[in-house]
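In what follows, a structure is listed as structure tokens, so that the remarks can point back to it.
The values are calculated or read from the model by the stated rules, or taken from the named source; none is laboratory data. Computed from a predicted structure; not experimentally measured. Counting neighbours? That spans all protein chains shown, and the Cβs are built from the backbone with ideal geometry, glycine included.
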Amino acid sequence: MKTDAQELTTPKITRKSYQSGKAGNNAVAWTESSSDWNTPARAEQKQQSPAPIAMHAEDLSLRYGPNQILAGITFTLYCGDTLGLLGLNGAGKSTLLKALSGAMAPDGGTVQIGDNELYQNPLAARMDIGYAPDKPAIYPEFRVIEFLKFIATMRRIPKSQIKGAIEKVIERCNLGDVRQRVIGNLSSGYQQRVNLAQAIIHTPRVLILDEPATGLDPVQLIEMRDLVSTLSPDQATIFSSHSLSEVNAVCNRVLLVHSGHSILDSSIDLLSNSNNSTFDLKLEGCNDSEIAALPGLVAACRIKSNHWMVTGTSMTAAHLKAMLASRGQKIVTMTKTENYLDTLFRQLGSTEKPAQEQSGESHHDVSNGVSP
Amino acid sequence: MTTQIALHELRVMLRSPFAWLAAGLLQLLFGWLFLSAVERYIGLQAVATQQVSESGLSSYLIVHFLAPVSIIFMVATPLLCMHLIAGDKQANRYNLLLSLPLSAAQFVVGKFIGATVFQYLIVALSTLLLAILSFNIDLDITHLLTAGAGLLLFIATITALTLFYSSLSNRPILAAFASFVTMALLWLAAATSGNGLLQFASPSAHLHSFMQGLLDSRDVIYFVAITGILLTLGVWRFDAQRVRGASL
């Protein structure tokens, strides 16, 4: 078991070193699918200094009997990222978060956190994870301060630093007034704060929050947003929510999960950029690689077989029509939409099964704009 | 870390109103059993033409006080320990505990020690009653200690059994019920059957030797082995969700 001090000296994997294979993992998280792709947003990303990788999940799969709960989910989380995990009820969000927190082992796939692989070296990897389940994980008979002390001990914070860590987290989560109160007597909002406090007490590299806004009043919601936004740039957060506005307000990236598949992994800025246009497309006989090869493409998401949501920079309907025609694609319908995520959710809501389950094809994300 | 988990579990039990209520009722019951046993013994002395020996009092107390106490623990331990893991599941703490940098052995053994120590404290309080007698009467301490050791091992085994059932269920009461039924069936099997296998499998049969004042290493090994096996099953069960390829 590594100590906290040893963990701090762990060499960090940068995006560059990860791509060149120095991270000890053969997976490639970043691919350029189009040679024409040289958008202003992409150029801006290239100019940004590379952020270290906080977590890399590769091909996570889980099956319960006949049900595929997670199907090949792959994504990379960089330090400073706040990733919004979106999906309809039963999409696999909570299961994915349990898998990422080490509470549940998937059938296949890897999760790399620093030097440690979560399922091969679980005790060391879990030191870098903070996890707040959807319903507050508390001991109702305990006082706030006692519960935080227990978690601090379990998280292996050195004895001499436990008091300081508790004071810091009490201040950050505004728990000063209730520190001596029995948790079971607190309102659900305060219990949610305690839940959040236990997750950040050891300053984890990756903070995993499963619907943290549940039970919070508007003021507490703002405080929670402020708390997440003031986390250290060395930390990354995964934040699951049903609320698109919440994700828009807190996150810089979004990962959309549907029936266990990752169908969109993109920067929120790219999706909401006024220079970008989004189209709801129905095509005949088009595959992922053909969509991914569209020039100026920022994000693309397949809703059903041959049904896509695509976002591109300075893309007009005529431009897109011409590009698809030049590639021999036949458009069934094409509608320009204003709000990518809202429209996408409406479309997903009307779809019971993901595309590949209906068509039998392999399903993979063709999103390009995945940078913070 | 095991010690920390054990201390935490002890604190959880000491914070639980149910545990205090149960501990209070057990003390009341044990006190009543003790006084009843002593009173009946005094009655026997008055009736008897000859003085009943003081060592006879020790045997009488074991049969009429410690043996009933062991039967009471067949009900009390499942009720006191049913929450050990099932309670964590019910209170939505289980996934958080699974995500902590703890080994399953640290977690399960820690919980077992905490719960066992709590029950030993209850037993220790009731043994004060015997200590009071020993001031004036020359009791057979060796016999009493042997019976006491058997009782402690018996309680540890029921605790491990309840802990294992608790790890299988999301509902504490189901764990308590399963544990009680298992112990009751094994007790009945030992009491009514002359079958050697059932006698060997029953914790009650092995406890009987201790109650007779026989410290047989086979009985000690039986209790330690059964407790160890049940704890190992609990460890496997805890890891079944979070370790790839593990199952139970």
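So that you can scan it fast, the table gives a plain yes or no per residue for (1) surrounded by fewer than 24 Cβ atoms within 10 Å (Cβ to Cβ); (2) touching a strand residue (DSSP E or B) at 6+ places or on another chain (Cβ under 6 Å); (3) assigned to a strand (DSSP E or B); (4) not assigned by TED's automatic domain parsing to the domain that holds A:I238:
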position	(1), (2), (3), (4)
A:H56	yes, yes, yes, no
A:S61	yes, yes, yes, no
A:Q68	yes, no, yes, no
A:G72	yes, yes, yes, no
A:L77	no, yes, yes, no
A:G80	yes, no, no, no
A:L85	no, yes, yes, no
A:L88	yes, no, no, no
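What pairs can you find where one residue is in region B:215-236 and over 13 Å from B:L152 (Cα atoms), the other is among the small types (G, A, S), and their Cβ atoms are less than 7 Å apart, with a gap of 6+ or different chains?
Short answer, once both residue conditions are applied: B:D216/B:S209; B:L230/B:A160; B:L231/B:A160; B:G234/B:S167; B:V235/B:A104; B:V235/B:A105; B:W236/B:A246.
Surrounded by fewer than 23 Cβ atoms within 10 Å (Cβ to Cβ) and more than 30 Å from A:G109 (Cβ to Cβ): which single residue out of B:L186, B:L163, B:L233, B:L168 fits that description?
B:L186
Does at least one position in region A:279-290 carry a residue that is among the small types (G, A, S) and assigned by TED's automatic domain parsing to the domain that holds A:C173?
no
Just to verify a result, which residue in region A:112-165, among those that are of a type in the set (G, A, S) and closer than 19 Å to A:S101 by Cα, is nearest to the other protein chains (Cβ to nearest Cβ)?
Among those residues, the one meeting the criterion is A:A137.
Return a yes/no flag: does region A:250-259 have any residue that is in a helix (DSSP H, G or I) and assigned by TED's automatic domain parsing to the domain that holds A:I129.
Yes, region A:250-259 contains at least one residue that is in a helix (DSSP H, G or I) and assigned by TED's automatic domain parsing to the domain that holds A:I129.
Restricting the search to region A:100-111, which residues are within 7 Å of chain B (Cβ to nearest Cβ) and in a loop (DSSP other than H, G, I, E, B)?
A:G102, A:A103, A:M104, A:A105
State which residue is nearest to A:L97 (Cα to Cα) when the search covers only region A:260-296 and only residues that are of a type in the set (S, T, Y) and in a strand (DSSP E or B).
Only one residue fits best here, namely A:S262.
Considering A:T316, A:T311, A:T343, A:T333, which residue is at pLDDT 75 or above, surrounded by 13 or more Cβ atoms within 10 Å (Cβ to Cβ) and of a type outside the set (A, V, I, L, M, F, W, C)?
A:T311
Just to check your reading of the model, which residue among B:A191, B:A178, B:A147 is surrounded by fewer than 18 Cβ atoms within 10 Å (Cβ to Cβ), out of contact with any strand residue (DSSP E or B) (no Cβ under 8 Å at 6 or more places or on another chain) and either within 13 Å of B:S70 (Cβ to Cβ) or among the hydrophobic types (A, V, I, L, M, F, W, C) (or both)?
When all the criteria are applied, what remains is B:A191.
Assuming B:A104 fulfils every condition listed in (1) without any contact (Cβ under 8 Å) to a residue 24 or more places away in the chain; (2) of a type in the set (A, V, I, L, M); (3) touching a helix residue (DSSP H, G or I) at 6+ places or on another chain (Cβ under 8 Å) apart from one, which condition is it?
Just one mismatch for B:A104, condition (1).
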